[in-house]
Amino acid sequence: MVYRPTIGLEVHAELNTRTKMFCDSKNDPDETQPNKNICPVCMAHPGTLPVINQEAVKHVVRIGTAIGGKIADFTEFDRKSYFYPDIPKGYQISQYEHPLISGGELAGVQITRVHLEEDTARSIHSTGKSLVDFNRAGLPLMELVTEPVIHDAETAGKFARELQLLLRTLGAGNANLEKGEMRIEANISVSSDDTFGTKVEVKNINSFRSVERAIAYEIDRQTKLIEAGGKVSQETRGWDEGKQETFHQRFKEGSADYRYFPEPDLPKLYLSEIPAFASDVVRASLPELPWERRTRYAEKYALKESDVEYIAATPERATFFDAVTNALNHNRDAVALAANYMISDLGGLYAKRGTESYATFDPRHFAELIELVVSNKLSSRGAKDTLLIMVEKGGEPEAIAEAAGLMQNSDPEALTQVVSAVLLAEPKAVEEYRAGKTAILQYLLGRAMKESRGAGNPETLKNLIIEALK
């Protein structure tokens, strides 16, 4: 029997603001000293009152506008009641019936809602004791819920990556999964027909690859359970990265268990009455969005899809590439070459180092390197060697290439000496060429390029070799 999986995602992302969601304590996710950024409000001392962080609301409204969602005219906050040590108030201020954003679409996946709430504290469990760090308690947290329209792990992973990129492009959040700034929960069910199966929620997923693996594992687990005559329980499961499997945590609560009711200490919001949230004002504040950028790269520069995806994958890469294209006056051939060097060579060097440093690499110098290649002043081999020095030490490409003797040499007299040395050292190759194996020419050219340390003009060297072998 064929089973059809259905997946919906719930994504929480901490937002970039100066202060927390309902107080003026500092929003600093990198703070290492426990319980430093706290105050009577976020610690729920008696008599304290929350105040809405306007910047957090603005972030969510911009996100909603970017995905084509409906911005609420009327919205309010609610109390979501549950007891746990990381909730100092005994309830979380969230949104229930009237979220900020309804609908929208991202990466082909329909969105149900996007709303604001406050984050919880961080529990730390060690041998024999549990500690709570309240620095994170009260941070502004966006929650995005998709429709149950995803049917495979790959689509879920693609959506999560696109959401991270959107948040970073808008400056709304850093969304680093490994730091807990973006947390993904997957609701998964399988069914043999068009109806929904029993939903299982999977938490504790801290990487995009784990999102895909956890979903694939859970689809397989539920399918095997049903085929064996068992019944899927509605529950919350965790993801064990080491074992690469899900595990039971608790049976799932329903919304009634949280006893939602409107937050009495916060005002209702009528966004249409706030000029800063007018749709035209918000739309005008948006930068070029990731999908718009991809379209521009493909149409304006005729880059292939894989190159477009790589360059547009992070705002840092895209910003660097745009500066390079400006320096190259948007010349298609030069831009295509720049894309190739950026992906294959510069990207390769960064991959070996384990970190990308586009923000500290002068794009004008990179464009100058490309222009040296285009003008045949620098060979491909010479460009690669020059780029390595630029990455390690910085500097202008022409000065580096000159000092390292990498500038392309087209002088026939000097290159004749190189060719003579190669042919003298390769008598067997010379004999094979003269016997009719002309393909050996490429080998001899490679040897000549190596002999000239990549500085010889390939075309000049090729002609000199052919002439010498007549």
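The values are calculated or read from the model by the stated rules, or taken from the named source; none is laboratory data. Because the structure is predicted, anything quoted here is derived from the model rather than measured. Cβ atoms come from the backbone with ideal geometry, glycine included; neighbour counts cover every protein chain shown.
What to note about this one:
- Restricting region 402-428 to residues that are in a helix (DSSP H, G or I) and in contact with a Lys or Arg (Cβ under 8 Å, 6 or more places away or on another chain), the residue that is farthest from residue 383 (Cα to Cα) is 425.
- Of the candidates 74, 83, the single residue that is in contact with a Gly (Cβ under 8 Å, 6 or more places away or on another chain), surrounded by fewer than 18 Cβ atoms within 10 Å (Cβ to Cβ) and under 21 Å from residue 264 (Cα atoms) is 83.
- Residue count, region 419-428 (criterion: surrounded by 12 or more Cβ atoms within 10 Å (Cβ to Cβ) and more than 14 Å from residue 470 (Cα to Cα)): 3
- Every residue from region 441-458 that is in a helix (DSSP H, G or I), touching a residue at least 24 places away in the same chain (Cβ under 8 Å) and among the small types (Gly, Ala, Ser): 448
- Residue in region 50-65 that is crowded, with 19+ Cβ neighbours inside 10 Å, among the polar types (S, T, N, Q) and touching a helix residue (DSSP H, G or I) at 6+ places or on another chain (Cβ under 9 Å) present: yes
- Here the condition is being surrounded by fewer than 20 Cβ atoms within 10 Å (Cβ to Cβ) and either of a type in the set (Gly, Ala, Ser) or closer than 25 Å to residue 82 by Cα (or both); of 151, 125, it holds for 125 alone.
- Listed by first and then second residue, the pairs with beta-carbon distance under 6 Å, at least 6 apart or on different chains, first residue in region 226-245 and without any contact (Cβ under 8 Å) to a residue 40 or more places away in the chain, second of a type in the set (Lys, Arg) and part of a strand (DSSP E or B), are 236/250; 238/203.
- Any hit, region 129-140, residues being over 20 Å from the mean Cα position of the chain (by Cα), surrounded by fewer than 15 Cβ atoms within 10 Å (Cβ to Cβ) and in contact (Cβ under 8 Å) with a residue 60 or more places away in the chain: yes
- Scanning region 186-217 for residues that are out of contact with any Lys or Arg (no Cβ under 7 Å at 6 or more places or on another chain) and assigned to a helix (DSSP H, G or I) yields 209, 210, 211, 212, 213, 214, 215, 216, 217.
- Where helices (runs of 4 or more DSSP H) sit wholly within region 230-338, those with at least 2 residues that are buried (at least 16 other Cβ atoms within 10 Å of the Cβ) occupy 290-301, 305-311, 315-327.
- Scan of region 167-190 for residues that are of a type outside the set (D, E, K, R) and closer than 14 Å to residue 150 by Cβ, ordered by number: 184, 186, 187, 188, 189, 190
- Residues of region 193-212 that are small (Gly, Ala, Ser) and either buried (at least 17 other Cβ atoms within 10 Å of the Cβ) or closer than 25 Å to residue 1 by Cβ (or both): 197, 210.
- Selection status of residue 143, within 21 Å of residue 10 (Cα to Cα), over 25 Å from the mean Cα position of the chain (by Cα) and charged (D, E, K, R): no
- Screening region 117-154 for residues that are among the small types (Gly, Ala, Ser) and in contact with a strand residue (DSSP E or B) (Cβ under 9 Å, 6 or more places away or on another chain) and picking the one that is farthest from residue 5 (Cα to Cα) gives 130.
- Only a single item in (1) closer than 30 Å to residue 347 by Cβ; (2) small (Gly, Ala, Ser); (3) out of contact with any strand residue (DSSP E or B) (no Cβ under 8 Å at 6 or more places or on another chain) is not met by residue 468, and it is number (1).
- Given (1) within 20 Å of residue 164 (Cα to Cα); (2) touching a strand residue (DSSP E or B) at 6+ places or on another chain (Cβ under 6 Å); (3) not in a strand (DSSP E or B), index of the condition residue 223 fails: (1)
- Test for residue 391: is it within 18 Å of residue 464 (Cβ to Cβ) and not charged (D, E, K, R): no
- Yes/no for residue 173 being of a type outside the set (A, V, I, L, M), buried (at least 20 other Cβ atoms within 10 Å of the Cβ), over 26 Å from residue 98 (Cα atoms) and touching a residue at least 40 places away in the same chain (Cβ under 8 Å): no
- Checked against (1) out of contact with any Asp or Glu (no Cβ under 7 Å at 6 or more places or on another chain); (2) assigned to a loop (DSSP other than H, G, I, E, B); (3) over 30 Å from residue 469 (Cβ atoms), residue 438 meets all criteria but (3).
- Only listed residue being in contact (Cβ under 8 Å) with a residue 60 or more places away in the chain, in contact with a helix residue (DSSP H, G or I) (Cβ under 8 Å, 6 or more places away or on another chain) and farther than 26 Å from residue 54 by Cβ, chosen from 82, 96: 82
- Flag if residue 467 is within 21 Å of residue 369 (Cα to Cα) and acidic (Asp, Glu): no
- Residue 372 passes every criterion in (1) of a type outside the set (Val, Ile, Thr); (2) in contact with a strand residue (DSSP E or B) (Cβ under 6 Å, 6 or more places away or on another chain); (3) modelled with pLDDT under 95 apart from (3).
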